[in-house]
Amino acid sequence: MTIFEKIAAGQIPARIVHEVEDFIAFHDIQAQAPVHVLIVPRKCITRITEADVSHADMLGRMLLATREIAAKLGVLESGYRIVINNGRDAGESVPHLHIHLLAGRALAWPPG
Ligand code: AMP
């Protein structure tokens, strides 16, 4: 099991902010911004390049859930960035697809 599957199964604690049947969102343990949440499918897809059309509905709902999560955490008006690190050069460190939601300060662009 990946660390995120263990969190989804309740075997590892996490600060959960949003849960539905097929995905979950929780605060990143090493926050890179005042708000840093990960949105994660309960079942492991290794990375976005491993996803297929059977995941399209869930991936769409994960993106749409960012609005609800941002509202809950008070950053809907100030704005937020969503990021998926896919593969080594992108800095992927956990091989279980996740969307980062970052907010709460002005974020630099381009990213490093
Ligand atoms: P990435 O580098 O895009 O694969 O992102 C993985 C993220 O998972 C990093 O930002 C880590 O800080 C975060 N992370 C790793 N373990 C945990 C955990 N147990 N709870 C919450 N976030 C975690």
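Brief remarks follow.
- When K43, K6 are compared by accessible area at a 1.4 angstrom probe, the order from most to least is K43, K6.
- Projected label points at Q11 and L107, each 7 Å from Cα along the beta carbon direction, are separated by 3.1 nanometres.
- Rounded accessible area of F4 (nearest 10 Å², 1.4 Å probe): 20
- Solvent-accessible area per residue for the range 3-103 (1.4 angstrom probe, square angstrom): 57
- Virtual spin-label span in nm between T46 and I82, 7 Å along Cα→Cβ: 2.4
- Fluctuation leader among P95, P41, P13 - the chain, Gaussian network, Cα springs under 10 angstrom: P13
- Quotient of C-alpha Rg and 2.2 N^0.38 Å, computed over the range 1-76: 1.09
- Sum of -39500 (n - 2.57) over DSSP H runs of 4+, divided by residues of the chain (222 nm, nearest 500): -6500 deg cm²/dmol
- Scanning the chain for GluC sites (Glu not before Pro) in DSSP loops with at most 12 neighbouring Cβ atoms within 10 Å leaves 22-76 as the longest stretch between them.
The values are calculated or read from the model by the stated rules, or taken from the named source; none is laboratory data. None of these values were measured; they are calculated from a predicted model. Ideal geometry is used to build each Cβ from the backbone, glycine not excepted, and the neighbour counts take in all protein chains shown. In case anyone asks, the SASA skips ligands and DNA or RNA and just uses the protein heavy atoms, side chains included. Shrake-Rupley method; radii C 1.70, N 1.55, O 1.52, S 1.80 Å.
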